[in-house]
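Trainee: The structure's right below; bear with me while I get my questions together.
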Amino acid sequence: MEYPNSRDELLKVLTERTPMSGKMWQDAQEYVPGGLLSVARKFKPYPFYTYRGEGPYIWDVDENRYIDCCISYGTLILGHRPAVVTEAIRAQEERGVVYGTPHPLEIAYAERFIECVPCAERMLLCNSGTEATMQGIRIMRAYTSRKKIGKFEGGYHGWHDYAMWSTNIYPDKMGPDERPNAIADSAGIPEEIKETILLLPLNEAAFDLIEENASDLAGVMIEPIIGTGAIPVGREYLLKLREVTERHGILLMFDEVKTGFRLALGGGQEYYGVIPDLATYAKAIGGGMPIGAVGCSKEIMEAVTQYDFSISVAGTFSGNPMSLAAGYAVLGHLMQNPQIYDELERKGKRLRDGFNEYMQSKGLPASMTGEGSFFQSHMKPLPIEKPRDMIGQHSDALYDMQLFLRLNGVHVAWFHDAFISTAHSDQDIEDVLRAHKDSAEAALRLHGVI
């Protein structure tokens, strides 16, 4: 393929390929602020509008087909429209979509979930990962009677006020590596909330900060794979974090919204062999339907729900039958087919190793991080072991790489957070690898790096 020689030409080609999406984008701005319901969906020159999905592919309204490596930000572990899920949804729709009363699937789903999750003897259901982490934080505070929560720089735990701190990279405001500054990621978050957050660096200094603040810390939350950068935390670090929190009576919460039932059947807990006190879930556990969950021990759950003043647990759509029907089907399929995880591991490794080896052989400043079925591109050589390691990469080239990927028929989020599903064949992986090599080189060439 002959690639455009400037960003303007690149955007022109994308515009010519997607006229119907362009018209819908104009219409959307008349009704929705900025034309978007989520900032995760922003693209230049505008987002394409998806018409349908099947297996590892999506088609936009202009009938352009893409190998989908966003797969709804990691949600669709079986790909688009797997028969086991669509059949479950159709069957439940015949019986009703929401009741507002308890129903049998609540018990069946909880039993299946708890069987798979190492830390879970009890669970709560909600509607999203954001709700799940919000409820997890509340549980930690209620159980310990302390107010402060430790979170790691670059960690993403949803978009509520207690989570949106230093998720992004702010080179001029971040402070020292050993004692980072907590920076609000959104307007409208009260500055007072900062007093309830202990921002931790992803290095050994975090353990000293936890020790210093132990008497105020209700809990520490961490993603087994850090959201900003798809950076694996690693078993040794998680073990040390488990030891220091346990020693001081601080609860440890794994945010398994992305890693849960994707990295392994038992999520990051099983994969790394480290068991937290509680964990939060969403995405894969709902089969594409809205869902969130918190799992923890019987002791913790009973303590916070049987106080005279217990935590509040409510939600019109929490545990709704459509979400649980889809989720029950997915969990059952994963339980019956454990070989899925070895296949995802093999394909993810092929993609990451293939890209990294190629870039290193060419001496180009590009790399890919991740683990299992996770991957994320960077315009900087390895190693990338913490979010701050991404400072200094060629951000314009990285952004344009995503545009070139679209020209090559591969869809990833604009921030390159990407995944594979069981629907991606070996040939799909080779096509995605080729597209990433070509797109990275095209972006670097466009910006005069090569």
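Trainee: Just one of 222, 231 is under 24 Å from residue 135 (Cβ atoms), outside the structural domain of residue 352 (by TED's automatic domain parsing) and not aromatic (Phe, Trp, Tyr); which is it?
Mentor: 222
Trainee: Which residues, counting only those in the range 361-392, are closer than 21 Å to residue 233 by Cβ and hydroxyl-bearing (Ser, Thr, Tyr)?
Mentor: Hits for the range 361-392 are 367, 369, 373, 377.
Trainee: Shifting gears a bit: Being among the aromatic types (Phe, Trp, Tyr), free of Cβ contacts under 8 Å to residues at least 60 places away in the same chain and touching a helix residue (DSSP H, G or I) at 6+ places or on another chain (Cβ under 6 Å) narrows it down to one of 31, 49, 3, so name that one.
Mentor: One residue alone meets the criteria, 49.
Trainee: Can you tell me which residue among 382, 364, 403 is more than 26 Å from residue 3 (Cα to Cα) and not small (Gly, Ala, Ser)?
Mentor: Numbers: 364 fails: more than 26 Å from residue 3 (Cα to Cα); 403 fails: more than 26 Å from residue 3 (Cα to Cα).
Testing whether each residue is more than 26 Å from residue 3 (Cα to Cα) and not small (Gly, Ala, Ser) leaves just 382.
Trainee: Further, regarding this structure: Kindly indicate the residue of the range 388-433 that is of a type in the set (Val, Ile, Thr) and touching a Lys or Arg at 6+ places or on another chain (Cβ under 7 Å) and also nearest to residue 340 (Cα to Cα) among those meeting that condition.
Mentor: Within the range 388-433, the first condition is being of a type in the set (Val, Ile, Thr), and the residues that meet it are 391, 410, 412, 420, 422, 429, 432.
Within this subset, residues satisfying the condition of being touching a Lys or Arg at 6+ places or on another chain (Cβ under 7 Å) are 420, 429.
Details: 420: 12, 429: 15 Å.
Result: 420.
Trainee: While we're looking at this one, here's another question. Inspect all residues belonging to the range 367-386 and state whether any of them is assigned to a helix (DSSP H, G or I), closer than 22 Å to residue 174 by Cβ and not acidic (Asp, Glu). Steps first, please.
Mentor: To start, the set of residues in the range 367-386 that are assigned to a helix (DSSP H, G or I) comprises none.
For the range 367-386, residues assigned to a helix (DSSP H, G or I), closer than 22 Å to residue 174 by Cβ and not acidic (Asp, Glu): absent.
Trainee: Now a separate question. Can you name the condition, by its number, that residue 329 falls short on among (1) assigned to a loop (DSSP other than H, G, I, E, B); (2) assigned by TED's automatic domain parsing to the domain that holds residue 169; (3) not hydroxyl-bearing (Ser, Thr, Tyr)?
Mentor: Failing condition for residue 329: (1).
Trainee: Restricting to the range 85-107, and then to whatever is under 29 Å from the mean Cα position of the chain (by Cα) and of a type in the set (S, T, N, Q), can you tell me which residue is farthest from residue 125 (Cα to Cα)?
Mentor: Among them, the one singled out is 86.
Trainee: Going by the conditions given, is residue 288 assigned by TED's automatic domain parsing to the domain that holds residue 116 and touching a residue at least 60 places away in the same chain (Cβ under 8 Å)? It would help to see each step written out before you state the result.
Mentor: On the way: assigned by TED's automatic domain parsing to the domain that holds residue 116: yes; touching a residue at least 60 places away in the same chain (Cβ under 8 Å): yes.
Taking the combined requirement at face value, the residue satisfies it.
Trainee: What number of residues within the range 244-271 satisfy the criterion of being assigned to a helix (DSSP H, G or I) and either crowded, with 24+ Cβ neighbours inside 10 Å or acidic (Asp, Glu) (or both)? Spell out the reasoning first.
Mentor: Step one: filter the range 244-271 for residues assigned to a helix (DSSP H, G or I), giving 244-247, 267-271.
Checking which are either crowded, with 24+ Cβ neighbours inside 10 Å or acidic (Asp, Glu) (or both) leaves us with 246, 267-270.
Looking only at that region, the number is 5.
Trainee: Which of (1) in contact with a strand residue (DSSP E or B) (Cβ under 7 Å, 6 or more places away or on another chain); (2) surrounded by fewer than 22 Cβ atoms within 10 Å (Cβ to Cβ); (3) not in a loop (DSSP other than H, G, I, E, B) does residue 195 not meet, given it meets every other one?
Mentor: (1)
Trainee: When only residues in the range 273-285 that are crowded, with 24+ Cβ neighbours inside 10 Å and of a type outside the set (Val, Ile, Thr) count, which is nearest to residue 128 (Cα to Cα)?
Mentor: Once the filter is applied, the top-ranked residue is 282.
Trainee: Go through (1) without any contact (Cβ under 8 Å) to a residue 60 or more places away in the chain; (2) surrounded by 14 or more Cβ atoms within 10 Å (Cβ to Cβ) and name the single condition residue 90 misses.
Mentor: Among (1) without any contact (Cβ under 8 Å) to a residue 60 or more places away in the chain; (2) surrounded by 14 or more Cβ atoms within 10 Å (Cβ to Cβ), residue 90 violates only (2).
Trainee: Here are some conditions: (1) hydrophobic (A, V, I, L, M, F, W, C); (2) part of a loop (DSSP other than H, G, I, E, B); (3) in contact with a helix residue (DSSP H, G or I) (Cβ under 6 Å, 6 or more places away or on another chain). Residue 314 meets all but one. Which one does it not meet?
Mentor: The failed condition is (3).
Trainee: Here are some residues: 99, 66, 73. Which one is outside any loop (DSSP other than H, G, I, E, B), of a type in the set (Phe, Trp, Tyr) and within 28 Å of residue 315 (Cα to Cα)?
Mentor: Numbers: 99 fails: outside any loop (DSSP other than H, G, I, E, B); 66 fails: within 28 Å of residue 315 (Cα to Cα).
None of the other options fit; the residue is 73.
Trainee: Kindly indicate the residue of the range 106-131 that is part of a helix (DSSP H, G or I), out of contact with any Asp or Glu (no Cβ under 8 Å at 6 or more places or on another chain) and hydrophobic (A, V, I, L, M, F, W, C) and also surrounded by the fewest Cβ atoms within 10 Å (Cβ to Cβ) among those meeting that condition.
Mentor: Among them, the one singled out is 107.
Trainee: Any idea which residue in the range 1-23 is nearest to residue 446 (Cα to Cα), counting only those that are of a type in the set (A, V, I, L, M) and surrounded by fewer than 18 Cβ atoms within 10 Å (Cβ to Cβ)?
Mentor: Of the range 1-23, the ones of a type in the set (A, V, I, L, M) are 1, 10-11, 13-14, 20.
Remaining after also requiring surrounded by fewer than 18 Cβ atoms within 10 Å (Cβ to Cβ): 1, 11, 13, 20.
Working: 1: 15, 11: 13, 13: 15, 20: 28 Å.
In this case the residue turns out to be 11.
Trainee: Within the group 170, 162, which residue is part of a loop (DSSP other than H, G, I, E, B), at pLDDT 95 or above and either surrounded by 15 or more Cβ atoms within 10 Å (Cβ to Cβ) or aromatic (Phe, Trp, Tyr) (or both)?
Mentor: Testing whether each residue is part of a loop (DSSP other than H, G, I, E, B), at pLDDT 95 or above and either surrounded by 15 or more Cβ atoms within 10 Å (Cβ to Cβ) or aromatic (Phe, Trp, Tyr) (or both) leaves just 162.
The values are calculated or read from the model by the stated rules, or taken from the named source; none is laboratory data. Please read all numbers here as calculations on a predicted model, not as lab measurements. Glycine gets a Cβ as well: all are built from the backbone with ideal geometry, and neighbour counts include every protein chain shown.
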